[in-house]
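First up is the structure itself, then whatever we jot down about it.
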Amino acid sequence: MPDTESPASQPIQRTVATDEVVQLCSELIRFESVNTGDPDTIGDGEAQTARYIQQKLEDVGYETIYIESAPGRGNVVCRLEGADRVRGALLIHGHVDVVPADASEWTVHPFSGAVQDGYVWGRGAVDMKDMVAMTLAVAREFKSSGIVPPRDVIFAFVSDEEAGGTWGAQWLVDFYPELFADATEAISEVGGFSITLDDARRAYLVAAAEKGVAWAHLKATGRAGHGSMINDDNAVTRIANAVSRLGSYDFPLTMTATVRSFLDKIHELTGLEFPEDDLAGSIAKLGPVSRIVNATLRNTATPTMLKAGYKANVIPSTAEATVDCRVLPGSEEHFREQIAEIVGDGIEITWTWQPPLEVPFEGPLVEAMKDALTAEDPGAHPVPYMLSGGTDNKAFARLGIAGYGFSPLRLPPELDFASLFHGVDERVPVESLTFGTRVLDRLLRNC
């Protein structure tokens, strides 16, 4: 009988990519590419990491572009030509920076890249040097083996995502948009990972939406004076009251299309009901991932920083606060008005704003992602979901590129994956890395 298997279902044998991905991830973690968000305390770790990636790519024949947006802020871009040069390119992007880590709190040193107990350990293991390693491994395999994908694939490894991408993806979009001019779709972090439904089935959450990142910078002014005096125009009191109102405000439930699609699909798979009068309680039955899902049911405003005064007995004339707001698609303008109303008069508000995203969970790329997952895991059920945070997909969306969160990992059911992002003892299972590498290989052959 003729072979009727599709290319996506053909078995992928052990390759150089699956053999080297763990070592690549470990070596990437050893670079202390810490992004403090403060230019005065950021070293050259991002540049070192980017140069390492550049060398790994050039070793197999890629022509790369290395660009520093500022001293030490390295970015690397290269392209793998596809069979159809007319089709829009697929962009695969990852960030090389990580958040700080206190070694005294960890079981292993956060920059050791230790491979033990079936895991690769260290800061960035899941955010997102795992995906960088998988992407790098597959990119090297395709180039060295002469594998031609259906369309061009652009690989971008960027700095500064952990502080908003000002010196990474946002900067590249501003000053080098021609590098991505023909890209129509992108994949990156925080999606494609599994949650276990039962012994035979797993839902793989693919990010088809992201909440907007909106940092509200509040400033109150008042009358300066001696701390021993009565002062009814105190800037510290005014900012404290505003922050208290925001921090305790219960934003209304808002059901977006992506969240509704997620809940409908989970109901179809599990039979779980999600009544609107107890959404949080019913979603909690999904386990640790419920923290992410519950944060996508409404807008949020979380006070994170306060700044006021310089001496205990001096009433300052100004006081400031920063509130980390996350905004659902479609609610941006109303949200700004709502925040101004909640904080009240006498508070100046300035915004650092990256808009929310929502893209269709359909089309050839989405089907290719589904096929790649189910070929490697017959129990896989790809499901769209909304990311409560943000990624560099926001920057590339400014170029009209539809971005998805797809860093495929089959995870053990007992692993609290959500807690590992920016957490202590961040680690990724070795088997998840090799699984994700095989899935990416399939995707690039059929994208």
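Overview of values
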| item | result |
| --- | --- |
| Condition met for ARG245 (assigned to a helix (DSSP H, G or I), among the charged types (D, E, K, R), at pLDDT 90 or above and closer than 29 Å to ASP199 by Cα) | no |
| Some residue of the range 126-143 being surrounded by fewer than 21 Cβ atoms within 10 Å (Cβ to Cβ), charged (D, E, K, R) and in a loop (DSSP other than H, G, I, E, B) | no |
| Single residue of ILE283, ILE239, ILE266, ILE292 found to be hydrophobic (A, V, I, L, M, F, W, C), in a helix (DSSP H, G or I), surrounded by 15 or more Cβ atoms within 10 Å (Cβ to Cβ) and free of Cβ contacts under 8 Å to residues at least 40 places away in the same chain | ILE283 |
| Residues within the range 384-439 that are crowded, with 20+ Cβ neighbours inside 10 Å and acidic (Asp, Glu), tallied | 2 |
| Residue under evaluation GLY113, criteria (1) closer than 30 Å to ASN446 by Cβ; (2) touching a Ser or Thr at 6+ places or on another chain (Cβ under 6 Å), criterion not met | (1) |
| Residue within the range 102-109 that is modelled with pLDDT of 95 or more, among the polar types (S, T, N, Q) and assigned to a loop (DSSP other than H, G, I, E, B) present | yes |
| Filter result for GLY113 (at pLDDT 95 or above, assigned to a loop (DSSP other than H, G, I, E, B) and buried (at least 21 other Cβ atoms within 10 Å of the Cβ)) | yes |
| The one condition in (1) more than 22 Å from ASP264 (Cα to Cα); (2) outside any loop (DSSP other than H, G, I, E, B) that LYS370 fails to fulfil | (1) |
| The range 412-426 residues that are in contact (Cβ under 8 Å) with a residue 12 or more places away in the chain and within 13 Å of SER194 (Cβ to Cβ), paired with ones that are part of a helix (DSSP H, G or I) and among the hydrophobic types (A, V, I, L, M, F, W, C) (beta carbon under 8 Å, 6 or more apart) | ALA418/ILE292 |
| Qualifying residue in the range 124-133 (condition: within 23 Å of LEU387 (Cβ to Cβ), more than 19 Å from the chain's Cα centre (by Cα) and modelled with pLDDT of 95 or more) | no |
| Any hit, the range 102-115, residues being of a type in the set (Ser, Thr, Tyr) and closer than 17 Å to LEU172 by Cα | no |
| Any hit, the range 257-265, residues being among the basic types (Lys, Arg) and under 30 Å from ALA224 (Cα atoms) | no |
| From ALA242, ALA183, ALA235, ALA220, residue being small (Gly, Ala, Ser) and within 30 Å of ALA125 (Cβ to Cβ) | ALA183 |
| One residue from ALA240, ALA284, ALA280 being modelled with pLDDT of 90 or more and not polar (S, T, N, Q) | ALA240 |
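Results for (1) part of a strand (DSSP E or B); (2) surrounded by 14 or more Cβ atoms within 10 Å (Cβ to Cβ); (3) in contact with a Pro (Cβ under 7 Å, 6 or more places away or on another chain), shown as yes or no for each residue.
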| residue | (1), (2), (3) |
| --- | --- |
| MET255 | no, yes, no |
| LYS307 | yes, no, no |
| ILE342 | no, yes, no |
| ASP345 | no, no, no |
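This table checks each residue for (1) among the polar types (S, T, N, Q); (2) more than 19 Å from the chain's Cα centre (by Cα); (3) not assigned by TED's automatic domain parsing to the domain that holds HIS422.
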{"site": "GLN48", "(1), (2), (3)": "yes, yes, no"}
{"site": "ASP84", "(1), (2), (3)": "no, yes, no"}
{"site": "ALA101", "(1), (2), (3)": "no, no, no"}
{"site": "ARG140", "(1), (2), (3)": "no, yes, no"}
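The values are calculated or read from the model by the stated rules, or taken from the named source; none is laboratory data. The structure displayed is predicted, hence computed values, not measured ones. Positions of Cβ are backbone-derived with ideal geometry, glycine not excepted, and every protein chain shown enters the neighbour counts.
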